[in-house]
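Undergrad: Handing you this structure, nothing more for now.
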Amino acid sequence: MDEQFVSIGKAAKMLGMSIDGLRKWEAAGILIPVRTLTNQRRYRIADLHALMHEDVTGVARDTRCLLYARVSTKKQQEAGNLDRQLGRLTTFAAEQHWIVVAALTDVASGLNEKRRGLQHLLTLVQEKQAAIVAVEYKDRLARLGFHYLESYLHAFGVQVVVMDHEVKDDQQELVEDLIAITTSFSARIYGKRGGKKIGTTVRQAMATLAQEGNSV
């Protein structure tokens, strides 16, 4: 293999994905590597660039899109939820014949305004790199204030496309987000240590309520 190919580790880093996510993409037929004589995966750099569409010169802006996927916890990411979400978005974009400029991800609460992936997305929007932002559910982009964020993106000529408009019912994730915002506000009032202590208390109370609910 020459410099036109990279290992699965480097390919995952280029795409901002996990190695397990690339294996799942291979099984789904989204991105197929070649194999060395020792049966190691090697990915064509040209295929990776095509998937990321880093060079979009001459491509109409109204077909360029940014994919955004998010999960709240590391546990959800390790369970493959983030990779599956990104895979569904990639398939959706291909069906619409959109050019994917970047696939951005976050492992953070939907109430967190300082998400790195979201900040990168806003930078690309400001640079007019795309005309579409695709998300699976509204709450992937923002748990609260979705319409404000949507209006901001519209000001740059960007349309937000939501794959599934039905409310995503994930009780555990909502609980995590509520704990996150409680901890954040408590930290502002009582300091960082006090915020963590109150957050822990809220988490324990929620766990007790859940156990009582299951026993009824």
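Undergrad: How many residues does the stretch 112-131 contain that are under 19 Å from Phe146 (Cβ atoms), in contact with a Leu (Cβ under 9 Å, 6 or more places away or on another chain) and polar (S, T, N, Q)?
TA: Number satisfying all stated conditions: 1.
Undergrad: Considering only residues that are at pLDDT below 85 and assigned to a loop (DSSP other than H, G, I, E, B), look in the stretch 146-176 and name the one that is surrounded by the most Cβ atoms within 10 Å (Cβ to Cβ).
TA: Result: Asp170.
Undergrad: Oh, and also: Within the stretch 112-136, track down each residue that is under 21 Å from Val101 (Cβ atoms) and outside any helix (DSSP H, G or I).
TA: Scanning the stretch 112-136 gives Arg115, Glu127, Lys128, Gln129, Ala130, Ala131, Ile132, Val133, Ala134, Val135, Glu136.
The values are calculated or read from the model by the stated rules, or taken from the named source; none is laboratory data. The shown structure was predicted, so the numbers you read here are calculated from the model rather than taken from an experiment. Cβ coordinates were reconstructed from backbone atoms using ideal geometry, including for glycine residues, and neighbour counts include every protein chain displayed.
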